[in-house]
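Report on the structure given below.
The values are calculated or read from the model by the stated rules, or taken from the named source; none is laboratory data. Small disclaimer: the values here were computed from a predicted structure and weren't measured. Counting neighbours? That spans all protein chains shown, and the Cβs are built from the backbone with ideal geometry, glycine included. Surface areas here come from the heavy atoms of the whole protein model, side chains and all, with no ligands, DNA or RNA. Shrake-Rupley method; radii C 1.70, N 1.55, O 1.52, S 1.80 Å.
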Amino acid sequence: MSFLGLRSAAVRAHFAGPSNRFYKALFKAGLTSRLIDCRHGYSEGDIEELTRAGIGITNVYEKASRAETDVPLADIVAGGERLEKRVRELNPDVVCVLGLGAFRKAFGIKKCKRGKQDRKIGGVETWVIGNPSGLNGGETVDMHADWYKKVALRAGIQVMRVNDS
């Protein structure tokens with residue numbers, strides 16, 4: 001669950017902003033065999049790589065926006081409802097929301113911490129971690145990689161190796 005950034009909308013690829021740490025952290029966590037660079041859109045093998053890794057990505061809000069603060073609350077809540085329905089249809093092992101603020105707003109939760117949540121989405125174990133956007137300056141690639149690895153292992157996803165690059 002994320003928001004569709006302006007750069008991502010322009011190139012039609014999730015987390016495409018040049019300062020976004022998502023793909024660097026996935027690679028560092030050992031979830032992808034190579035570093036995905038989608039600043040100009042996905043290559044032919046990028047979606048295959050993510051699918052093979054067991055990673056599915058969706059947005060809570062379909063329209064492009066600069067930041068979560070630009071999105072009306074009613075639209076975030078509606079996005080949470082769509083996500084709930086989608087998760088019930090797909091029934092993944094684990095759901096991971098990137099962004100504490102988005103999770104709180106979408107599901108009407110006053111407080112939550114990073115990690116496994118009591119509140120499940122679509123009846124599925126739910127984790128919430130920080131948003132990898134460069135606008136979220138308090139977190140590093142290493143911090144995101146550690147969280148992604150924890151969630152992946154909980155979901156039964158095979159971690160390839162730990163990257164120090």
With -39,500 (n - 2.57) per DSSP H segment of 4 or more residues and division by the full residue count of the chain, the 222 nm estimate, nearest 500 deg cm²/dmol, is -10500 deg cm²/dmol
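Leaving ligands, DNA and RNA out of it, rank His14, His40 by accessible area with a 1.4 Å probe, largest first.
Details: His14 45, His40 155 Å².
Final ranking, largest accessible area leading: His40, His14.
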For percent of Cα pairs over 25 Å apart, calculated from these coordinates, the label among [x] 34; [y] 26; [z] 49 = [y]
Once Arg52 and Leu90 are pulled to full extension, the length gained, defined as 0.36 nm per residue separation minus their Cα-Cα distance, is 12.1 nm
Could you state the accessible area per residue of the chain in Å², with a 1.4 Å probe and every protein chain left in place?
-> 55
Compute the distance in nm between two label points, each set 7 Å from the Cα along the Cα-to-Cβ direction, one at Asp37 and one at Arg104.
-> 3.7
Accessible surface of the chain, 1.4 Å probe, proportion on carbon and sulfur as whole % = 51
